[in-house]
Every structure is written in structure tokens, then in C-alpha cells.
Amino acid sequence: MKKYDQFLGNVAELIEKGLFTTKDLKKELEEALKFKIENLTNKLNLVSREEFEVQKKIINKLQIDLKKSKRKKILKR
């Protein structure tokens, strides 16, 4: 949060001095937001849709195998 406040302070200072155009500001904000989003997603350990679907298939197969094993165990009794 402190770095974010410092960043905004620097941007405001550059705007006041006229060294920053709106295009520059837009570009800087986009880069800062992109960095923050990437940082957050890395911390959350998010996976891609493709990875999720693969894991989903594996879990479904394991559930089916577990049910089969339980049925076999019940039938042996």
C-alpha cells in the first residue's frame, strides 16, 4: 500500500510539472495495474482453464474407480 501511495504521489508530481501527458499516464497506470494483477494471481495460485479441466477429469476417474472398489469390497462380504 505504501508503494502504491508513493507511485500515485510521483504521478501527481509529474503531472503538476507537465512532464506527463494523458497517454503517458494511461500507459503507466495500465502497466502498474497489470503488474498488480499478475502479482495477485501468482499469490492465489490460480490455474488455467485447461489445467482445471484436466484435474477435473482425473478426479472424476478416481471417483469412479473408488466406487468400483467399494462395490467389489461389498460383494466380497
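Computed from the coordinates by the stated procedures, all read-outs in this text should not be read as laboratory data. The structure presented is a predicted model; accordingly, all values stated were derived computationally and were not measured. Virtual Cβ from ideal backbone geometry, glycine too; neighbours counted across all protein chains shown.
Some notes on this structure:
- Number of positions in the range 16-28 that are without any contact (Cβ under 8 Å) to a residue 12 or more places away in the chain and surrounded by 10 or more Cβ atoms within 10 Å (Cβ to Cβ): 5
- Checking each residue in the range 40-57 for being surrounded by 10 or more Cβ atoms within 10 Å (Cβ to Cβ) and either among the aliphatic types (A, V, I, L, M) or closer than 30 Å to TYR4 by Cα (or both) picks out LEU40, THR41, LEU46, VAL47, VAL54.
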